[in-house]
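A short write-up of the structure that comes next.
The values are calculated or read from the model by the stated rules, or taken from the named source; none is laboratory data. These numbers were taken from a predicted model, which means no experiment stands behind them. In this analysis, Cβ positions are derived from the backbone assuming ideal geometry, glycine residues included, and neighbour counts consider all displayed protein chains. In case anyone asks, the SASA skips ligands and DNA or RNA and just uses the protein heavy atoms, side chains included. Shrake-Rupley method; radii C 1.70, N 1.55, O 1.52, S 1.80 Å.
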Amino acid sequence: MKQTAFIFAAVILMAGARLGSGFAHGGQPGADSALAQSAAAPGPDSDIPAYHAAPPAGALPDTLDPKQFPDARTQKIYAMAGKVKPALYQQPCYCRCDREVGHTSLLDCFGDNHGSICDVCKKEAVYSYQQTKLGKSASEIRAGIMAGKWKQVDLAKVDSAPAVGGAK
C-alpha cells in the first residue's frame with residue numbers, strides 16, 4: 001500500500017512539474033505556443049543557446065553607443081554589432097547568457113554592457129560581422145557559430161582593423 005501511494009505521488013509530482021514547465025516558458029501547459037514553433041529556438045533547457053530562427057518582424061533595439069566604452073576594441077566591436085543587428089538577432093550566444101541574464105539572442109549582448117566584458121560575445125559578433133560582409137545569410141552564420149567557427153576569431157586583429165562607422 002505504501003509503495004502504491006509513493007508511486008502515485010511520484011507520478012502526480014512529475015505531471016505537475018510538466019504542467020508547470022509550460023507556464024515557466026511562457027506557453028500554455030501541454031500545448032506548443034506559436035512563438036516556440038516559429039522561433040524553433042532552443043534555450044535555457046537545451047544544449048543550444050536561445051536565438052531567433054526567423055528575421056525580426058519589426059524594428060530592432062539599438063546597440064549601445066560604442067563611444068561610451070573606454071577601449072578601442074570594444075568600441076569597434078559595438079560598432080560592428082550595430083551594423084549587423086538583423087544577423088545578430090538570429091544568432092545564439094555560447095556564453096550562455098540566455099541562462100544567466102535572459103538574453104534571447106546575440107543581439108541582446110550588445111543592447112547592454114554584457115558584450116563589453118565577454119570574449120565569447122565579442123568573438124561571435126566579429127564572426128557575424130565578417131560573415132555578413134562576405135554575403136553569408138543569418139542561417140549560414142548560425143551554422144558556423146554552432147560549429148564553433150567563432151572560436152577562430154582573433155580579437156587582437158580587431159585592434160588594427162579600420163574603424164567601423166557608427167551603428168545603424
- Query: Among the candidates Ala125, Ala138, Ala87, which residue alone is touching a residue at least 60 places away in the same chain (Cβ under 8 Å) and either more than 20 Å from Asp159 (Cβ to Cβ) or of a type in the set (Gly, Ala, Ser) (or both)?
  - Reply: Ala138
- Item | Filter result for Gly102 (on the phi > 0 side of the Ramachandran plot and not hydrophobic (A, V, I, L, M, F, W, C)) | yes
- Note on Ser137: of the conditions (1) within 19 Å of Pro61 (Cβ to Cβ); (2) small (Gly, Ala, Ser); (3) at pLDDT 95 or above, unmet is (1)
- Task: Give me a count of the residues in region 139-161 that are open to solvent by less than 50 Å² (accessible area, probe 1.4 Å) and either under 15 Å from Ala87 (Cβ atoms) or assigned to a loop (DSSP other than H, G, I, E, B) (or both).
- Result: 9
- Item | Criterion violated by Tyr78 - all others in (1) among the hydroxyl-bearing types (Ser, Thr, Tyr); (2) outside any loop (DSSP other than H, G, I, E, B); (3) surrounded by fewer than 19 Cβ atoms within 10 Å (Cβ to Cβ) satisfied | (3)
- Message: Going by what's in this entry, would Cys109 be described as under 27 Å from Ala161 (Cα atoms), of a type in the set (A, V, I, L, M, F, W, C) and either open to solvent by 30 Å² or more (accessible area, probe 1.4 Å) or in contact with a Leu (Cβ under 7 Å, 6 or more places away or on another chain) (or both)?
- Response: no
- Taking Pro70 as the residue in question, decide whether it is over 17 Å from the mean Cα position of the chain (by Cα), at pLDDT 95 or above and more than 17 Å from Ala125 (Cβ to Cβ). yes
- Query: Glu124 fails exactly one of the following numbered conditions: (1) modelled with pLDDT of 95 or more; (2) acidic (Asp, Glu); (3) under 15 Å from Pro49 (Cα atoms); (4) open to solvent by 50 Å² or more (accessible area, probe 1.4 Å). What is the number of that condition?
  - Reply: (4)
- Message: Can you say whether Lys136 is part of a loop (DSSP other than H, G, I, E, B) and open to solvent by 60 Å² or more (accessible area, probe 1.4 Å), as far as the supplied structure shows?
- Response: yes
- Message: Can you find a residue that is open to solvent by 30 Å² or more (accessible area, probe 1.4 Å) and among the hydroxyl-bearing types (Ser, Thr, Tyr) anywhere in region 90-100?
- Response: yes
- Arg99 is checked against (1) within 13 Å of the chain's Cα centre (by Cα); (2) under 19 Å from Val164 (Cα atoms) and fails just one. What number does that condition carry? (2)
- Task: Only residues in region 50-72 that are open to solvent by 80 Å² or more (accessible area, probe 1.4 Å) count as the first member; pair them with residues that are among the polar types (S, T, N, Q) and assigned to a loop (DSSP other than H, G, I, E, B), Cβ under 7 angstrom, at least 6 apart or cross-chain, and list the lot.
- Result: Pro55/Gln90
